Amino acid sequence: MRGTIMDYPLTLPTILEHAGRLHGAQEIVSRQPDRSIHRCTFSNFYRRTRLLAEALLKAGLKPGDRVGTLCWNNATHLEAYFGVPCAGGVLHTLNLRLHADELAYIAQHAGDRFLIVDEDLLPILDGFKDKVDFERIFVVRSGGDIPSGMEDYDDLLATATGDFDYPTIDENDACGMCYTSGTTGKPKGVAYSHRGMVLHTFAVIAPDVFGLSMRDCILPIVPMFHANAWGMPVAAVMAGSKIVFTGPHADADSVLELLDNEGVTLTAGVPTIWLPVLDALKRQPQDWSLRPEMKIIIGGSAAPESMIRDFNDMGHQVIHAWGMTEMTPVGTTGVPKPAFDNMTEDEQFTTLAKQGIPLPFVDIRVMGDDGPAPWDGETMGELQVRGPWIASSYYKPEGTIDSWTDDGWFRTGDVVTVDAEGYVKITDRTKDLIKSGGEWISSVDVENALMGHPEIREAAVIAIPHDRWIERPLACVVTEVGSALTAEAVQAFLGETFAKWWIPDAVEFMEEIPRTSTGKFQKTALRTRFADYKLP
Ligand code: ADP
């Protein structure tokens, strides 16, 4: 017997219409390049987004055509987030921190037909536009002139009348695209579907995931050009939450000012964003009055337990989240299950520092050498996932791709344990694991312990080839200003926590750890730098 329920498509226009009708008075706040604050309402956003969709269709956008964006987090980028897919197009967010050659490859590979660019990012566009066949380029102005050959974004909107009907969209059609940063091989494109995006949005809004409501004020620091800003912009529009955008200014003081002035209740970013914010809060707590109920989502790379504890001491709950570009992107969130009531405080924090429990519909398994591993919190294996917002292939992949198993699971490349309560702990990326004398050392565990040292700001641990043990760990460490920490002291500190053979053979002190375009520690750069390193 079939269900008697309507087969109603899960597409983004329905979210936009809901937001426009029901949350029109809600506010969207964007910091501009000149640091001034721009304010508009969901009503403005709704009207302009529909104008954009209509104007794109008038400009000849065909179903499935890609529209690139090279934009900061701001209200016009949000218009593109909805306007492009609601016109039947595919929003392709370009990561402005990538090298010009990479941007050229990505935009060309995706076949971007139109581009929307923030005026202050034109110098970046200059670096690669000649290598891409953009048909038209629309500039979101912030006071300057439009370069020849380009057009004013507002002039594009002015071609629309407001009399617009959404095209018919199949829920499995693509609504957006994002490329993984490609630490190995060429960047690979993921095409998100309307259906996947809508289901992901329902999932992240839920109380035990990010928990978004129309009473919330969200500030995603995670860039909108990376993995849909963890789904926060679309989720906030669906929930009717107030939205605050940093624009180009994501330094600690600018972030704190927005958190304070706008009454933010939920914010999100990678650990490297939070380090200077924490510093500022510790140095001058009296300068800022943040909402006590403000929750902080930290993900993208491991949130050190010390960071979770520090924020907790200030009254803020940290939600440690894990995800991937291939997963729209959220897969797990570290929210406290009722089992926390029976844990000691130390156990609670150890668990909160894990990456969390899978979202509903994120099906997980841990593949060890001998098949699926038990959820015992100890057995390591590769995390494999499947679900309705997880990629089943890349867009026009080049070369051999071994990211999917024969029985249809996506291989995350993350090595994990899962405990009896279902909390996933990332112990490493497969390519970052250190194998010493046939035994695995988790570089992540050692890094987390290091970053718990009061005089250590940043730490990354990499494998160095070794004659006898095959590989041994090297710790790369950035100390706090004025610290006189020695390698021996660092090793002795680790000796309090780890078995002797886990302790790095050497410690290199440096000014800063190189970062990827998304703010993660770039271990590949360290491996290149220390390729010929001689361990003592
Ligand atoms: P890339 O880093 O290659 O650009 P993604 O942004 O999609 O790709 O990053 C996904 C990867 O980031 C995951 O496979 C995992 O290794 C890492 N990651 C994401 N969140 C966390 C987290 N909370 N803790 C540890 N690692 C994480």
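Side notes on the structure shown:
- Failed item in (1) part of a loop (DSSP other than H, G, I, E, B); (2) surrounded by fewer than 24 Cβ atoms within 10 Å (Cβ to Cβ); (3) over 21 Å from the mean Cα position of the chain (by Cα), with R97 passing the rest: (3)
- Unique match (being within 16 Å of the ligand (Cβ to nearest atom), outside any helix (DSSP H, G or I), out of contact with any Cys (no Cβ under 9 Å at 6 or more places or on another chain) and farther than 24 Å from M197 by Cβ) among A321, A302: A302
- Taken together, the residues in segment 239-267 that are touching a Leu at 6+ places or on another chain (Cβ under 8 Å) and under 26 Å from L22 (Cβ atoms) amount to 11.
- Looking across segment 440-473, just one residue is free of Cβ contacts under 8 Å to residues at least 60 places away in the same chain and of a type in the set (K, R), and that is R468.
Each row is one residue, and each column tells you yes or no for (1) crowded, with 18+ Cβ neighbours inside 10 Å; (2) touching a residue at least 40 places away in the same chain (Cβ under 8 Å).
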residue	(1), (2)
I137	yes, no
P147	no, no
L156	yes, yes
G162	no, yes
P167	no, yes
V190	yes, yes
G196	yes, yes
T201	yes, yes
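- The sole residue among W274, W230 that is closer than 22 Å to E458 by Cβ, within 16 Å of the ligand (Cβ to nearest atom) and part of a helix (DSSP H, G or I) is W274.
- Looking across M324, M380, one residue alone is in the same structural domain as A303 (by TED's automatic domain parsing) and in contact with a strand residue (DSSP E or B) (Cβ under 7 Å, 6 or more places away or on another chain). It is M324.
- Segment 12-57, residues that are part of a loop (DSSP other than H, G, I, E, B) and surrounded by 15 or more Cβ atoms within 10 Å (Cβ to Cβ): H23, G24, Q26, Q32, P33
- Checked against (1) at pLDDT below 90; (2) at negative phi, G438 passes all but condition (2).
- So V244, is it in contact with a helix residue (DSSP H, G or I) (Cβ under 9 Å, 6 or more places away or on another chain) and either within 16 Å of the ligand (Cβ to nearest atom) or touching a residue at least 60 places away in the same chain (Cβ under 8 Å) (or both): yes
- Looking only at residues of segment 403-418 that are within 15 Å of the ligand (Cβ to nearest atom) and assigned to a loop (DSSP other than H, G, I, E, B), we find that the one that is surrounded by the most Cβ atoms within 10 Å (Cβ to Cβ) is W409.
- Checking each residue in segment 248-270 for being in contact (Cβ under 8 Å) with a residue 40 or more places away in the chain and part of a helix (DSSP H, G or I) picks out S254, L258, L259, E262.
- Residues within segment 353-384 that are among the aliphatic types (A, V, I, L, M) and either over 13 Å from M327 (Cβ atoms) or in contact with a Lys or Arg (Cβ under 7 Å, 6 or more places away or on another chain) (or both), tallied: 6
- Within segment 326-354, the set of residues being within 11 Å of the ligand (Cβ to nearest atom) and farther than 18 Å from V209 by Cα comprises just one member, E326.
- Residue within segment 198-209 that is on the phi > 0 side of the Ramachandran plot, small (G, A, S) and in the same structural domain as Y81 (by TED's automatic domain parsing) present: no
- Residue check, L256 farther than 19 Å from R457 by Cα and not assigned by TED's automatic domain parsing to the domain that holds M451: yes
- Of residues in segment 161-210 being of a type in the set (D, E, K, R) and within 16 Å of the ligand (Cβ to nearest atom), the one nearest to G60 (Cα to Cα): K188
- Options L70, L103; residue that is crowded, with 21+ Cβ neighbours inside 10 Å, touching a residue at least 40 places away in the same chain (Cβ under 8 Å) and within 21 Å of Y192 (Cα to Cα): L70
- Residue ID - farthest from L12 (Cα to Cα), chosen from residues in segment 144-169 that are assigned to a helix (DSSP H, G or I) and acidic (D, E): D155
- Restricting segment 108-124 to residues that are in contact (Cβ under 8 Å) with a residue 12 or more places away in the chain, out of contact with any Leu (no Cβ under 6 Å at 6 or more places or on another chain) and in a helix (DSSP H, G or I), the residue that is surrounded by the most Cβ atoms within 10 Å (Cβ to Cβ) is A110.
- The helices (runs of 4 or more DSSP H) found entirely in segment 442-536 that carry 2 or more residues being touching a strand residue (DSSP E or B) at 6+ places or on another chain (Cβ under 8 Å) and more than 16 Å from the ligand (Cβ to nearest atom) are 487-495.
- Selection over segment 271-290 of residues that are touching a Leu at 6+ places or on another chain (Cβ under 9 Å) and either aliphatic (A, V, I, L, M) or not assigned by TED's automatic domain parsing to the domain that holds P223 (or both) gives a count of 4.
The values are calculated or read from the model by the stated rules, or taken from the named source; none is laboratory data. Values in this document were obtained by computation on a predicted structure and should not be read as measured data. As a convention, Cβ positions derive from the backbone with ideal geometry for all residues, glycine included, and neighbour counts pool all protein chains shown.
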